[in-house]
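Everything below concerns the one structure shown next.
The values are calculated or read from the model by the stated rules, or taken from the named source; none is laboratory data. The structure presented is a predicted model; accordingly, all values stated were derived computationally and were not measured. Cβ: placed from backbone, ideal geometry, glycine included. Neighbour counts: every protein chain shown. With ligands, DNA and RNA removed, areas are computed over all heavy atoms of the protein, side chains included. Shrake-Rupley method; radii C 1.70, N 1.55, O 1.52, S 1.80 Å.
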Amino acid sequence: MSFLKSSSSISEAKSTLGLALVLATVLVVLVVGLFESNIKATAESQTFTALEESAASAENAANSQVRKYINALNFLHQTPPISGIVRATENENLDPKDGTTLEQWKQRLETIFVAFIENNEEVDQLRIIRANEDGSEFIRVERNGGSVLVIKDNDLQPKAARSYFTESVKRNKGEFYISDINLNREYGKLEFPYKSVIRLSLPIFSSSGERYGFIIMNVNAQFLLSQMEQTLVGNQLLFVTDSEGFFVSHPDSDKSFSRDLNPMVNWASEFESPSKIGRAKIKQAAQTNSPLYTVTRAFTINGNQQTAPFFLHTALSQSEVAALINEKRISVYSVIGVVTLIFVSVLLFVHRSNSKNIELAKVRGESVAIIAISKDAIFSVDSAGVVKSWNMAAESLFGIPSQLILNHHYSSFEQLSLL
């Protein structure tokens, strides 16, 4: 009976170890499978969230820059020479308020414009333009390389044909006009080297409400675009398109301002998917290029004067997302590997312990079996005299069944009291 019990224990120990190994393997497979099924979705979600945050930050950066330019133009508009020029013009070139001539007011304003441009590197040009039939320039001060120049009267130009003139003369008192971002033109031709500009104007009225003209400021748009690009994280890309899909800004600088420089290049020529607000995964027209995860949002730099003239696209290539997935995979698999290694080590330790116990149980079982069938009476007692084993020969010799004597003191039985 003891031998059979030992054999049963050995079998149970082996079964438990095998079951533990099977369960551990199944658990690892399930964890890996669950991770693989979710890692792509998680990585894509995190990618789109990051792109949305960058898009919002880029728009905020653009709006912040434009507010800075508005405040600057408003400051210049309120300087004394502006109102002085209007008064002098209305009174035969002499300001009735303090006797200052029109030429004196003009020189004072030119001095202010020069100092302002010298201290604001984004500003390329400041002008006063008359609201007359020609749209004639009255004052023009501009940056030319490292210098700031006051343009002579005979070099001033008529601007009535320019879109910013027609828009500016429509503005009411205190109402700003802010142009799109485009390349600057002089005498109807693109200025070279190419210079991207934003134009801001504010109308000038006399005290009686008569329209005199407007003050207009040309700002180098590259500063604004650079501020937008600086909000990007890691290897994110920034595209800015106008309402017709032409690129204002492109990661490849040769494709920026494509409306003026290369009309064949636009969103449709670069991507197979149409531009749409929100999240998207788009293929690039060049098959060798990786698809892009993109977030698109409409934005305007001129308040409510136009409806979403620009689209801002933040993007990240699929290869970058794949790298993110691999990083997550390595990270998680490393944790799984460490946990698995610890678990296997514990199992091996338990297995070694069980193996020793199994061998001991096997030897004990064999001993018990030998003792049980021995013809000699064999029994054992512990240090306190309590009987712990009692074979069949002992039962026959002393006439005491094992179920009566086991776990009792041997002196409790008369047959053994003399031993």
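Overview of values
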read-out: Subset of region 154-196 that is within 42 Å of the chain's Cα centre (by Cα) and of a type in the set (F, W, Y) - its residue that is farthest from K68 (Cα to Cα); value: F192
read-out: Hits in region 184-207 (condition: hydrophobic (A, V, I, L, M, F, W, C) and either on the phi > 0 side of the Ramachandran plot or modelled with pLDDT of 90 or more (or both)); value: V197, I198, L200, L202, I204, F205
read-out: The lone exception for I198 - which of (1) out of contact with any Lys or Arg (no Cβ under 7 Å at 6 or more places or on another chain); (2) more than 14 Å from D180 (Cβ to Cβ) it fails; value: (2)
read-out: Yes/no for A160 being in a loop (DSSP other than H, G, I, E, B), among the hydrophobic types (A, V, I, L, M, F, W, C) and either without any contact (Cβ under 8 Å) to a residue 24 or more places away in the chain or touching an Asp or Glu at 6+ places or on another chain (Cβ under 9 Å) (or both); value: yes
read-out: Of all residues making up region 226-248, the number that are over 16 Å from the mean Cα position of the chain (by Cα) and at positive phi; value: 1
read-out: Subset of region 51-101 [among the β-branched types (V, I, T), within 49 Å of the chain's Cα centre (by Cα) and open to solvent by 30 Å² or more (accessible area, probe 1.4 Å)]; value: I70
read-out: R143 being under 42 Å from the mean Cα position of the chain (by Cα), basic (K, R), modelled with pLDDT under 95 and outside any loop (DSSP other than H, G, I, E, B); value: yes
read-out: Cross-chain or 6+ apart pairs with Cβ under 9 Å, region 265-293 first and of a type in the set (D, E), then outside any helix (DSSP H, G or I) and open to solvent by 30 Å² or more (accessible area, probe 1.4 Å); value: E270/Q284; E270/A285; E270/A286; E272/K283; E272/Q284; E272/A285
read-out: Selected residue [of a type in the set (A, V, I, L, M, F, W, C), in contact with an Asp or Glu (Cβ under 9 Å, 6 or more places away or on another chain), in contact (Cβ under 8 Å) with a residue 24 or more places away in the chain and farther than 30 Å from K189 by Cβ] from V248, V233; value: V233
read-out: Some residue of region 184-195 being among the hydroxyl-bearing types (S, T, Y), touching a strand residue (DSSP E or B) at 6+ places or on another chain (Cβ under 7 Å) and either part of a loop (DSSP other than H, G, I, E, B) or open to solvent by 20 Å² or more (accessible area, probe 1.4 Å) (or both); value: yes
read-out: Qualifying residue in region 208-215 (condition: in contact with a His (Cβ under 7 Å, 6 or more places away or on another chain), surrounded by 13 or more Cβ atoms within 10 Å (Cβ to Cβ), within 20 Å of Y69 (Cβ to Cβ) and in contact (Cβ under 8 Å) with a residue 40 or more places away in the chain); value: yes
